[in-house]
Structure formats: C-alpha cells, structure tokens
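Chemist: This is the structure I want to talk about, given as structure tokens.
The values are calculated or read from the model by the stated rules, or taken from the named source; none is laboratory data. Just so you know, these numbers come straight off a predicted model, no measurement behind them. All Cβ positions, even for glycine, are placed from backbone atoms using ideal geometry, and neighbour counts span all protein chains on display.
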C-alpha cells in the first residue's frame, strides 16, 4: 500500500505538526547528499489494554546513541520526542502503526563536514502490516546469500542506525528480489553470517538457539534482544555472541529473522536449499507465538516493554 492510500495526514517536524504533503526539506540538505542522518523503526501495537508503543525507551536510547559518532546533537529531549509521538498517534487516531523518527543534518552548506548545518528532526507514523507479507509469518520465506558484504564497523559504525549506511541493505535487497527471493542474508567481510538487510538472524540446532554477535558487524536489534529474552524465558539455551559460517545456514534445523518490521519471520530455504522440514519449525513457532501473545496481551511480566498511548 502506498502512502497516498493510507489515512494519514500529519507529520511532526522540527517542533511542529505539519500537513503530510508539506513536510519538505531543501534539495541541498546535507543528509540527502551524504546520508548524514540516523533513524529508528518502532511499532505501536493495538493490545488488549489499548495502543502501546513497543520498547520505545530502548529505541530512543539507540536513536541518541546512533547520533553520537556523527556529532549530531538532537535538539529535542526524550520527553519532547515522546510527547510529539504520542500526540501524532492520537491526532491520526492510529490504533496500531509503524513509527519512524529521523534526525539529520539539514540545509546550510555542502562541504563534507556538517558542523555548520542545522540538525533537523521529524517523526512520521502510519499503518503498516507484516513487512515481508502476512503469509510469510506462517509459511516462511525463501532467501539467498547476497554477493554484497556487510560493511565493517571500522568503516561505518554498524551499531549506529545510519541513513546512508542502508545503501548496503538496499543493494542486497534489490539483488534478492531480482533473483526471485523474498529477502537476502548478508555476510560480513570475513565471510561469516552477519544479518539480513533489515533483520537479525537466528539459527536453531539441536534445540539450542544461536544468533550472530555484535562483533559480526550487525545492528544490535531491539527485537533481537526481545527474542533472546523470550527464548530464555521459555527455557531455551541461547548463544547470543555466535559466529555462524555460511555453511551452517544450509544444515540448520531452523532459521528465522527478527526485526521491528519483520517481527519473527521463519526462513524455509537458503539459496534453494530447504531448511529443516521446509516449514516453520517448532522452536520458531514457539518463539513467534509467545512474541505475538506478548504484543497483543501486554502481560504483567513484560509490561515495562510497553509505553501506553492514551487515545
């Protein structure tokens, strides 16, 4: 569904609520030319207790931390961004939505050093279903290992959610789609598994769960952290600093992606090699079921993961 087909009409931008079609930046904005911006992707779920933003505080933490390497001083407090996001959801009467905060260097000059450019911040929210398709959550997806490698943290900070760095993900995703796969898996410079273009990856072997560690050039995904905790709460052994070789993908019992957009999505084949039984595996199913139970019911033991939105 395109934005024009969605019932959304407002964006918060630089301290003001503006009409959706008027949320513009100058064509010579520094962030447009050099990718000097940071962003977050956050979900608000329609829970049994009303709309609630999932792990908002952790997303805010990462937004401010992502800005530090670029000396991007976000000119709004956490409280101001929270208040703006709440009101944005309320104004558009969104029971569930995807939230996109972004901070970037704006228009002033176009030298590489952005220190003279103003810092700009915007927040948008819109309805967005399953990123990889509703059927993917149940049936799983076919993926391929990309020929594009994930950049190293010595080149671009991999734990900073940087706008410009996502050209790497775009290339991997385009290649996968061009070859009739739903998504890609990206290897790091050493040739080991990093992650998906916009997802972290988990492997199941002999009933234990493995996920690539931060040293493997991955983003410290917030859904990844959630999946690790849920899995441990369910009694699984989780190896969260794993190094996973490409060959291990093909012999895994189960594979799945996690991410704010992807949520918990099974992977049923890699490079046309069937994974496990070729269907959503039992460990993936248990974790996915618990994840959606949590975001639908807001159980007491996970209530600190939610920021309620008063409608």
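Chemist: Given the conditions (1) surrounded by 22 or more Cβ atoms within 10 Å (Cβ to Cβ); (2) not in a strand (DSSP E or B), report the number of the one that residue 266 does not fulfil.
Modeler: Of everything listed in (1) surrounded by 22 or more Cβ atoms within 10 Å (Cβ to Cβ); (2) not in a strand (DSSP E or B), residue 266 misses just condition (2).
Chemist: Now, a different point. Report yes if some residue within region 33-53 is touching a residue at least 12 places away in the same chain (Cβ under 8 Å), surrounded by 13 or more Cβ atoms within 10 Å (Cβ to Cβ), farther than 30 Å from residue 291 by Cα and out of contact with any helix residue (DSSP H, G or I) (no Cβ under 6 Å at 6 or more places or on another chain); otherwise report no.
Modeler: Yes; the residues of region 33-53 include at least one that is touching a residue at least 12 places away in the same chain (Cβ under 8 Å), surrounded by 13 or more Cβ atoms within 10 Å (Cβ to Cβ), farther than 30 Å from residue 291 by Cα and out of contact with any helix residue (DSSP H, G or I) (no Cβ under 6 Å at 6 or more places or on another chain).
Chemist: Could I ask something else about it? Quick check, is residue 156 touching a strand residue (DSSP E or B) at 6+ places or on another chain (Cβ under 9 Å) and assigned to a helix (DSSP H, G or I)?
Modeler: When the stated conditions are applied, residue 156 does not pass them.
Chemist: Does region 111-136 hold any residues that are modelled with pLDDT under 95 and in contact with a helix residue (DSSP H, G or I) (Cβ under 7 Å, 6 or more places away or on another chain), and which are they?
Modeler: 130
Chemist: Kindly indicate whether residue 295 is out of contact with any helix residue (DSSP H, G or I) (no Cβ under 8 Å at 6 or more places or on another chain), within 17 Å of residue 51 (Cβ to Cβ) and either surrounded by 13 or more Cβ atoms within 10 Å (Cβ to Cβ) or at pLDDT 95 or above (or both).
Modeler: Criteria met by residue 295.
Chemist: Let me ask something else about it. State all residues of region 220-237 that are surrounded by fewer than 23 Cβ atoms within 10 Å (Cβ to Cβ) and part of a loop (DSSP other than H, G, I, E, B); if no residue qualifies, say none.
Modeler: Within region 220-237, 220, 234, 235, 236, 237 meet the criteria.
Chemist: Which condition breaks for residue 111 when tested against (1) under 20 Å from the mean Cα position of the chain (by Cα); (2) outside the structural domain of residue 187 (by TED's automatic domain parsing)?
Modeler: (1)
Chemist: Taking the criterion of being surrounded by 22 or more Cβ atoms within 10 Å (Cβ to Cβ) and closer than 21 Å to residue 100 by Cβ, would at least one residue in region 184-191 satisfy it?
Modeler: Within region 184-191, not a single residue is surrounded by 22 or more Cβ atoms within 10 Å (Cβ to Cβ) and closer than 21 Å to residue 100 by Cβ.
Chemist: Of all residues being within 30 Å of residue 33 (Cα to Cα) and without any contact (Cβ under 8 Å) to a residue 40 or more places away in the chain in region 84-137, which is surrounded by the most Cβ atoms within 10 Å (Cβ to Cβ)? Just the residue, please.
Modeler: So the residue we want is 118.
Chemist: Take region 238-259 and flag every residue that is in contact (Cβ under 8 Å) with a residue 40 or more places away in the chain and either in a helix (DSSP H, G or I) or within 20 Å of residue 130 (Cα to Cα) (or both).
Modeler: 246, 248, 249, 255, 256, 257, 258, 259
Chemist: Related question: Within region 197-217, track down each residue that is surrounded by 16 or more Cβ atoms within 10 Å (Cβ to Cβ), in contact with a helix residue (DSSP H, G or I) (Cβ under 8 Å, 6 or more places away or on another chain) and assigned to a loop (DSSP other than H, G, I, E, B).
Modeler: Passing the criteria: 197, 198.
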